[in-house]
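For reference, the structure is listed below as structure tokens.
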Amino acid sequence: MRAPDWLKLGEDHVWRPYCQHKTASDPIPVVETQGARLRLPDGRELVDGIASWWTAAHGYNHPHIAARVREQLEVLPHVAFGGLAHEAGYTLAKRLAGLLPEELDHVFLVESGSVAVEVGLKIALQAAFHRGEGHRRKVIAFEGAYHGDTFATMALCDPVDGMHRAFTGLGVEAVHLPVPKEGDDFEGRFAEHASTAACAIIEPLVQCAGGMRFHSPEALQRLRRACDTHGIPLVFDEIATGFFRTGAIFALERAGVVPDIVVLGKALTGGTLPLAATVAKRELFEAFWDDDPLKALQHGPTYMANPLACAAAHGSLDLFEKEDMAERVARLEARLEEGLAPLRDRPGVRDVRVLGAVGAVEMEPGTAPASDAFAKRGAFIRPLRLRSADVAYLMPPLTIPDEDLELLFSALAATL
Ligand SMILES: *Cc1c(COP(=O)(O)O)cnc(C)c1O
């Protein structure tokens, strides 16, 4: 394929994400999107197996989301949330609170998942400070975790297997425990850190970027009990798992656990505009309720609650509400299980696992083919590369048509 002119014009100037420019092959230029497909300059199409970092839950270019954004663009593209208010943001906060368990009712809207996680940490840390427990500065996180790329969130990522080793020791003070497993002494290890911890944070049911590792509802229930025992707020980072990725609207529902803070992002706008949300229990909100202005939550990004992004989120939520998504994901889960099972005995494959609309093929490190190999077969698949494993995975649009899903399976079968 001949590279388009714009790619050549920009390639000496664009710094790509997570990219070793010296050895990386060229990125795949995309000129149009539709449904689960990416159209390339030569007219070829790739089925997107990972939905643009798990955002495009309804497929690309959904006309309903586009219409809501267009409407908003004509009327009020943006005003700052400081001292001003707009309908899209206020109705979205109300709507998100309505989708979550009752006590989770205060919503802070920002422009990226990492920032939303940081806001969650700030709420927990500042609330402890207001209670006179300023010594609670530590965050309890988990092995295999990924919570973002900003300084505090990097500190929460897996310190060994993660990608942020160059920044170890910076950001917040974090301790990484193994995710609770039957028969371990999780409670004992948790107790060692509990008196100095401001909160605990986990990606419920699936740790995604850290290797698509699954854990049980019981693990989360034990974590909830440990947090209750020691009076520590529990944060669920549902940026990846939220909005039906694990089958239920939120993983917290499937796990039967209510955290004190939940963080949402990615599929919130259906892959159209950047938006994330930190939702806290009223009790935490009340820890900031005071006559002292310094006891306000000290955060406020310039583009927070951007009305276009809020309109996109409304459009995305309309679509999630329009049909039985849990049923749709249950069908997708069954198809993923069936379609990925034959890969189990391929060379280098250690494990194949599926939960909801997440299908993972865990391989020996260094053995997963590069995206180019899958692209030759009509699929866009981008394996995770960790120290301990390579993970080729599918997290397609929840609405992916059967024929596109079949194409992903055959691309994997032909390539692995
Ligand atoms: C993607 C992701 C983040 C970071 O979100 P950004 O919008 O990329 O900043 C944080 N936590 C989890 C679980 C994620 O999957």
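Here, each number is a calculation from the coordinates, and none is a lab measurement. These figures come from a predicted structure and were not determined experimentally. Cβ atoms come from the backbone with ideal geometry, glycine included; neighbour counts cover every protein chain shown.
Quick look at the values:
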quantity: For the stretch 213-220, Karplus couplings with θ = phi - 60° (6.51, -1.76, 1.60), whole Hz, Gly/Pro x; calculated: 8, 9, 9, 8, x, 4, 4, 6
quantity: Gap separating the Cα centres of the stretch 45-97 and the stretch 1-39, nearest whole Å; calculated: 25 Å
quantity: Restricting the stretch 9-48 to trypsin sites (Lys or Arg not before Pro) in coil, as DSSP defines it, with at most 16 other Cβ within 10 Å; calculated: 22, 44
quantity: Pairs of lysine residues in the chain - Cα separation under 26 Å, sequence separation of 8 or more or cross-chain; calculated: 18
quantity: Prolate/oblate/rounded call for the stretch 15-170, Cα gyration tensor, a/c under 1.5 rounded; calculated: oblate
quantity: DSSP bridge orientation in the chain - percent antiparallel, rounded to nearest 5; calculated: 65 percent
quantity: The stretch 352-416: GluC sites (Glu not before Pro) falling in loop per DSSP and having at most 14 other Cβ within 10 Å; calculated: none
quantity: Once exposed loop chymotrypsin sites (Phe, Trp or Tyr not before Pro) are cut out (DSSP; at most 15 other Cβ, 10 Å), longest piece of the chain; calculated: 19-288
quantity: For the chain, built as a Gaussian network whose Cα springs stay under 10 Å, the top-fluctuating residue of 138, 322, 181; calculated: 322
quantity: Max mean-square fluctuation residue, GNM over the chain, Cα-Cα springs under 10 Å, options 305, 373, 51; calculated: 373
quantity: Whole-Å distance, taken between Cα centres, linking the stretch 181-247 and the stretch 105-166; calculated: 13 Å
quantity: Largest-first principal axis extents, alpha carbons of the chain, Å; calculated: 63, 57, 45
quantity: Within the chain, helix-based [θ] at 222 nm, where runs of 4 or more DSSP H residues each add -39,500 (n - 2.57), nearest 500; calculated: -10500 deg cm²/dmol
quantity: Stretch gain in nm, segment residue 388-residue 302, where the contour uses 0.36 nm per residue and the Cα spacing is subtracted; calculated: 27.1 nm
quantity: The stretch 264-283-the stretch 384-416 distance, computed between alpha-carbon centres (Å); calculated: 26 Å
quantity: Length-normalised contact order for the stretch 208-347 - Cα pairs under 8 Å, 6+ apart - percent; calculated: 21 percent
quantity: Size of electric dipole in the stretch 246-397: Cβ of Lys, Arg +1 and of Asp, Glu -1, about Cα centre, debye, nearest 20; calculated: 760 debye
quantity: Candidates 270, 148, 169, ranked by Gaussian network fluctuation over the chain, Cα under 10 Å, top entry; calculated: 169
